[in-house]
Amino acid sequence: MYRRCRVCEGELREFVDLGRQPTANGFLRPEETDGEYFFRLAAGICTDCAMAQLLDEVPQERRYHGGYRYHASGSAGHRKHFEENALRLLETELTGPDPFIVEIGCNDGVMLSTIARAGVRHLGVEPSTNVAELARARGVDVLTEFFDERTAAGIRSRHGAADVVFGANTICHIAHAASLLRGVDALLAPGGVFVFEEPYLGTITERTAFDQIYDEHVFYFSVTSVRAMAERHGFELVDAERIPLHGGEIRYTLARPGARVPSHAVQELLAEERERGLSDPATLGRFRDRVERVRKDLVTLLRDLRAQGKRVVGYGAPGKSTTVTNYCGIGPDLVPFVCDSTPSKQGHLVPGSHLPVLPPEAFSDPYPDYALLFAWNHADEIMAKERAFRQGGGRWILYVPEVRIV
Ligand code: SAH
Ligand code: TYD
Ligand code: ZN
């Protein structure tokens, strides 16, 4: 267990304990449940630099491998977001004579495929070989390694300096923060930028989105903690922008000190975090109380519906569904199955809680009375697609920011 901050060695104060949990993407076959891996899912905050982080850690090789289940291109919303991201980088940063971009955690190429089509030099660094293959099939160049100092030095000597180092929903997964930032430092051109967009501690606490907490998310960034981390490694935080992905994230831009004029947004968000007391024990204590309340309300509702003879099924099997089902003790007795569009999750069980994952067609065969929306961050897309369910009298159950039926 970590007692010291991974960034600054400061003391960690625990603020939430979600109990014994498996790895969020460790979907398994019904015959594979013996000896399933569990760890204690608890997060703490550094009393020095305010970086929120997991206390116990799952080794990275157990999280990312040739059977990694998350496919970034799985939703139309994410495809559009990352295409726009790529186009923006092409217009604003990749404008020199022979620009070069490195993406840490390119997954199935959701972002870099647009860069590749534009004929711009790029390299994805992606240790999960199955999703890396999907990226290659889309014309993306991929190095199947974990990004760290050593990998970065190798890229620099083979390809030269990068104008942009990019990461999305990946930088918070990397426990070796110091090695990562030394690697970015070695790789980045003098005027280059390190851009990354990641789940926001402010959203998690404000919306009680505790299901964002799982083994892969080692860090829960805030503007305050990212700025401290950047400065410790010789970078300046020059921009911070709120974006809607995964319920509300922040896109951070780091540059070398003095290379860019910092935007007002950085100071504004820092002030907002101070005013809200984002890193204060009292704020985090209230978050923990609300998390317990959601558990109580959700379990009560599901038991009541079962007692009334209503059928409830789950919609979406994101990593988040592992946290919420294991924390609340929701098993197949309360939710007989979940449906999910990811082929590699179908025919498997949600880790720990063992809800069977079926293809989306199972949802309407016949429609249940209620659908528990685990993929709540895709609510608009899913509710539009499944309009007929509600028109036929079906109702959605949401649990973020609180338990309610819509
Ligand atoms: N960027 C995509 C995928 C995020 S999933 C998106 O935003 O949707 C996180 C990805 O990071 C996984 O594909 C995982 O294999 C990869 N990853 C984890 N640790 C890494 C590391 N040290 N270096 C590079 N990639 C890593
Ligand atoms: P997501 O919330 O993106 O990820 P995480 O694992 O980081 O929590 O995952 C959404 C899940 O929902 C993913 O497994 C695909 C699934 N899904 C559907 O089944 N149908 C849909 O229409 C959409 C948009 C997603
Ligand atoms: Zn710290």
Of the residues in segment 86-114 that are under 13 Å from residue 136 (Cα atoms) and of a type outside the set (S, T, N, Q), the one that is nearest to the chain's Cα centre (by Cα) is 106
Restricted to segment 46-57 and to residues being out of contact with any Phe, Trp or Tyr (no Cβ under 6 Å at 6 or more places or on another chain) and not hydroxyl-bearing (Ser, Thr, Tyr), the residue farthest from ligand 3 (Cβ to nearest atom) is 57
Of the listed residues (207, 232), the one being touching a Pro at 6+ places or on another chain (Cβ under 8 Å), touching a residue at least 60 places away in the same chain (Cβ under 8 Å) and among the basic types (Lys, Arg) is 207
If we take segment 309-406, then helices (runs of 4 or more DSSP H) inside it with 2 or more residues that are surrounded by 17 or more Cβ atoms within 10 Å (Cβ to Cβ), within 14 Å of ligand 2 (Cβ to nearest atom) and modelled with pLDDT of 95 or more are 319-328, 379-385
Screening 259, 265, 240 for residues that are free of Cβ contacts under 8 Å to residues at least 40 places away in the same chain and either in a loop (DSSP other than H, G, I, E, B) or touching a helix residue (DSSP H, G or I) at 6+ places or on another chain (Cβ under 6 Å) (or both) leaves only 240
> Of the residues that make up segment 36-43, is at least one modelled with pLDDT of 95 or more, within 16 Å of ligand 1 (Cβ to nearest atom) and among the small types (Gly, Ala, Ser)?
Replying inline: no
When segment 13-44 is checked residue by residue, the ones that are within 13 Å of ligand 3 (Cβ to nearest atom) and either part of a loop (DSSP other than H, G, I, E, B) or in contact with a Lys or Arg (Cβ under 6 Å, 6 or more places away or on another chain) (or both) are 44
Scanning segment 44-64 for residues that are under 16 Å from residue 105 (Cβ atoms) and within 17 Å of the chain's Cα centre (by Cα), the one nearest to ligand 1 (Cβ to nearest atom) turns out to be 64
In segment 58-83, residues that are part of a helix (DSSP H, G or I), of a type in the set (A, V, I, L, M) and either within 18 Å of residue 125 (Cβ to Cβ) or more than 8 Å from ligand 2 (Cβ to nearest atom) (or both) total 1
When every residue in segment 35-49 that is within 28 Å of residue 328 (Cα to Cα) and either buried (at least 20 other Cβ atoms within 10 Å of the Cβ) or of a type in the set (Ser, Thr, Tyr) (or both) is compared, the one nearest to ligand 2 (Cβ to nearest atom) is 41
Considering residues that are farther than 10 Å from residue 104 by Cα and surrounded by 18 or more Cβ atoms within 10 Å (Cβ to Cβ), the number found within segment 153-173 is 6
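The values are calculated or read from the model by the stated rules, or taken from the named source; none is laboratory data. Quick caveat: nothing in here was measured; it's all calculated off a predicted structure. A quick note on method: Cβ atoms are made from the backbone with ideal geometry, for glycine too, and the neighbour counts reach across all protein chains shown.
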